[in-house]
Amino acid sequence: MLIRNETPADIPAIGRVVTEAMLLLAQATGTEARIVEKLRADGALALSLVAEDGGEVIGHLAASAARIGAQEGWGLIGPLAVLPSRRLQGIGTALMAEALRRLRATGRGAALVGDPGYYGRFGFRAYPGLSVAGCPPEVVQALPFDGSAPCGELIHHPAFGLDQQA
Ligand SMILES: CC(C)(COP(=O)(O)OP(=O)(O)OC[C@H]1O[C@@H](n2cnc3c(N)ncnc32)[C@H](O)[C@@H]1OP(=O)(O)O)[C@@H](O)C(=O)NCCC(=O)NCCS
């Protein structure tokens, strides 16, 4: 398995992987593949990593710039998607490890909205005052690279369609 940047030829397969992966996720909105397309169209995909095996795209991770309160420099991870037939083979972990390695080189930390039962293993956790309107606080998580405690609203790129002051 290889983790690498997306190429133009991967774009249709990325859309399929994201759509298929989210079908099994109860809280998915069905718009996740569209979010990736909008980020790409806006030049806002800070990272678009694919996991490739035997020439096939089997996983994908997107990251985009985000703010926490007024603080710039956060990398928002999501969506993260692994083909249902390839789950529990370490592919999500490999994508996340590479994303964090790259974000560490340039940013102050990573943040995401997701299941703490999965993301806790990478060092993500909720912080008092870290929020996204309409989301339970425990699913809004950050991994500050300097150990500081992030506080404020996690502001996503407008492609996510949240009602925020980006
Ligand atoms: C969540 C997802 C990305 C995980 O990818 P994956 O390649 O199957 O995960 P890994 O093989 O790297 O799993 C690593 C560990 O996390 C655990 N794990 C996997 N999915 C989990 C979940 N949804 N909740 C809790 N733990 C989970 C695995 O059991 C494994 O544990 P172990 O190291 O103790 O064996 C993938 O299942 C997926 O695409 N799900 C649907 C979409 C989704 O939920 N995306 C994230 C929110 S945007």
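The values are calculated or read from the model by the stated rules, or taken from the named source; none is laboratory data. As the structure is a computational prediction, the values presented were derived from the model and not from experiment. Cβ placement follows ideal geometry from the backbone for every residue including glycine, while neighbour counts extend to all protein chains displayed.
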Among the residues of the range 82-103, is any under 16 Å from residue 159 (Cβ atoms) and out of contact with any Asp or Glu (no Cβ under 9 Å at 6 or more places or on another chain)?
no
Of 20, 37, 52, which residue is surrounded by 14 or more Cβ atoms within 10 Å (Cβ to Cβ), more than 10 Å from the ligand (Cβ to nearest atom), part of a helix (DSSP H, G or I) and of a type in the set (Asp, Glu)?
37
Please return the ranges of strands (runs of 3 or more DSSP E) entirely within the range 67-166 where 3 or more residues are surrounded by fewer than 18 Cβ atoms within 10 Å (Cβ to Cβ) and either hydrophobic (A, V, I, L, M, F, W, C) or more than 16 Å from the ligand (Cβ to nearest atom) (or both).
71-82
Could you say whether any residue in the range 1-15 is loosely packed, with under 15 Cβ neighbours inside 10 Å and under 25 Å from residue 164 (Cβ atoms)?
no
Just checking, does the range 68-76 include any residue being of a type in the set (S, T, N, Q), closer than 17 Å to residue 161 by Cα and over 13 Å from the mean Cα position of the chain (by Cα)?
no
Can you work out which of the residues in the range 55-66 that are within 13 Å of the ligand (Cβ to nearest atom) and without any contact (Cβ under 8 Å) to a residue 40 or more places away in the chain is surrounded by the fewest Cβ atoms within 10 Å (Cβ to Cβ)?
61
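Take the range 20-65 and flag every residue that is small (Gly, Ala, Ser) and under 11 Å from the mean Cα position of the chain (by Cα). Write out each step before concluding.
Initially, the range 20-65 is screened for residues small (Gly, Ala, Ser), giving 21, 26, 28, 30, 33, 41, 43-44, 46, 48, 51, 54-55, 59, 62-65.
Listed by number, the residues that qualify are 46, 48, 62, 63, 64, 65.
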More than 22 Å from residue 147 (Cα to Cα) and of a type in the set (S, T, N, Q): does that describe residue 93?
no
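Filtering the range 4-17 down to residues that are more than 12 Å from the ligand (Cβ to nearest atom) and touching a Leu at 6+ places or on another chain (Cβ under 9 Å), which residue is farthest from residue 61 (Cα to Cα)?
Applying the filter and picking the extreme gives 16.
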Result of the Cβ filter at 8 Å on the range 14-36, keeping first residues that are more than 21 Å from residue 52 (Cβ to Cβ) and at pLDDT 95 or above and partners that are in a helix (DSSP H, G or I) and more than 12 Å from the ligand (Cβ to nearest atom), at least 6 apart or interchain, is 35/159
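When you look at residue 75, is it touching a residue at least 60 places away in the same chain (Cβ under 8 Å), under 22 Å from residue 119 (Cβ atoms) and of a type in the set (Gly, Ala, Ser), yes or no?
When the stated conditions are applied, residue 75 does not pass them.
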